[in-house]
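Student: One structure, pasted below without further comment.
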Amino acid sequence: MNITSEEDLKQLIKEDPWMMEVLETAMLLELPDWWVCAGFVRSKVWDILHDFEERTPLPDVDVIYFDKHNVHEEEEKRLEQKLRSLNPTIPWSVKNQARMHVINHLAPYTSSVDAISKFPETATALGVSLNVEKGLILTAPHGIEDVVNMVLRPTPHFIENKNLTPIYEERLLKKDWKAIWSRLLVYSAG
């Protein structure tokens, strides 16, 4: 399949019943500024581009949201439990981006999309959500070129902040994405 535009990428997700089920389940939480992001989108694209017949298993499905009024980790755990009760087959992970800057030792994020823009890799800095009519929304703060060209490189935030370079490099080693998707072009942060 040829994925050349954001519309192509959105269509790919719309045609995947499992991905739409995940999105519709996450939507039930009615969270402010919510997205399902990172590997959820990236892995789908790379699986298609590598002609995989089966989906690469995800260690987790990242649901993020932005709520400055309740920044307690216990709330995230409660939301994960609610999602597990709705669909126990999904490895849910829920994180409020209004508090994640503290864990990541960064300045406060202004929104979920701001947080996504500061993810380590451009190909991972992607999120999808549903509007009230269940229409698919895609955010790609750094575009989709890297994910569709199978390029793995740090986001501008990680390039500009040299203290983050070790985090990017450790992720490359730990995740070992090239062992799964052999045609990736991987760039170091240096």
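Student: Is it the case that V132 is among the β-branched types (V, I, T) and surrounded by 13 or more Cβ atoms within 10 Å (Cβ to Cβ)?
Tutor: Judged against the criteria, V132 is not a match.
Student: Another question, then. Are there any pairs with C-beta distances below 8 angstrom linking a residue in segment 139-167 that is within 25 Å of D51 (Cβ to Cβ) and small (G, A, S) to a residue that is surrounded by fewer than 19 Cβ atoms within 10 Å (Cβ to Cβ) and at pLDDT 95 or above, with the two at least 6 apart or on different chains, and if so which?
Tutor: So the pair list comes out as A140/E6.
Student: Using the structure shown, decide if I64 is in contact with a strand residue (DSSP E or B) (Cβ under 6 Å, 6 or more places away or on another chain), among the β-branched types (V, I, T), surrounded by 18 or more Cβ atoms within 10 Å (Cβ to Cβ) and not in a loop (DSSP other than H, G, I, E, B).
Tutor: For I64, the condition - in contact with a strand residue (DSSP E or B) (Cβ under 6 Å, 6 or more places away or on another chain), among the β-branched types (V, I, T), surrounded by 18 or more Cβ atoms within 10 Å (Cβ to Cβ) and not in a loop (DSSP other than H, G, I, E, B) - is met.
Student: Next question, about the same structure. Run V102 past the list (1) of a type in the set (V, I, T); (2) closer than 22 Å to A140 by Cβ; (3) free of Cβ contacts under 8 Å to residues at least 60 places away in the same chain and report the number of the one that doesn't hold.
Tutor: Every listed condition holds for V102 apart from (2).
Student: What single numbered condition from (1) surrounded by fewer than 14 Cβ atoms within 10 Å (Cβ to Cβ); (2) under 16 Å from the mean Cα position of the chain (by Cα) fails to hold for L28?
Tutor: Of the numbered conditions (1) surrounded by fewer than 14 Cβ atoms within 10 Å (Cβ to Cβ); (2) under 16 Å from the mean Cα position of the chain (by Cα), the odd one out for L28 is (2).
Student: Filter segment 113-129 for residues that are touching a His at 6+ places or on another chain (Cβ under 8 Å) and not in a loop (DSSP other than H, G, I, E, B); which is surrounded by the most Cβ atoms within 10 Å (Cβ to Cβ)?
Tutor: A115
Student: Within segment 141-167, restricting attention to residues that are in a loop (DSSP other than H, G, I, E, B) and more than 22 Å from K178 (Cα to Cα), which residue is modelled with the lowest pLDDT?
Tutor: N161
Student: Hey, another quick one. Being under 28 Å from A26 (Cβ atoms) and part of a loop (DSSP other than H, G, I, E, B) is the filter here, so list the residues in segment 168-190 that pass it.
Tutor: Listed by number, the residues that qualify are D176, W181, L184.
Student: For segment 69-102, give me the residue count where each residue is within 18 Å of M20 (Cα to Cα) and β-branched (V, I, T).
Tutor: 3
Student: Tell me, yes or no, whether segment 145-154 has at least one residue that is among the basic types (K, R) and out of contact with any Asp or Glu (no Cβ under 9 Å at 6 or more places or on another chain).
Tutor: Taking every residue of segment 145-154 in turn, none turns out to be among the basic types (K, R) and out of contact with any Asp or Glu (no Cβ under 9 Å at 6 or more places or on another chain).
The values are calculated or read from the model by the stated rules, or taken from the named source; none is laboratory data. Everything numeric here is computed off the predicted structure, so don't read it as measured data. In this analysis, Cβ positions are derived from the backbone assuming ideal geometry, glycine residues included, and neighbour counts consider all displayed protein chains.
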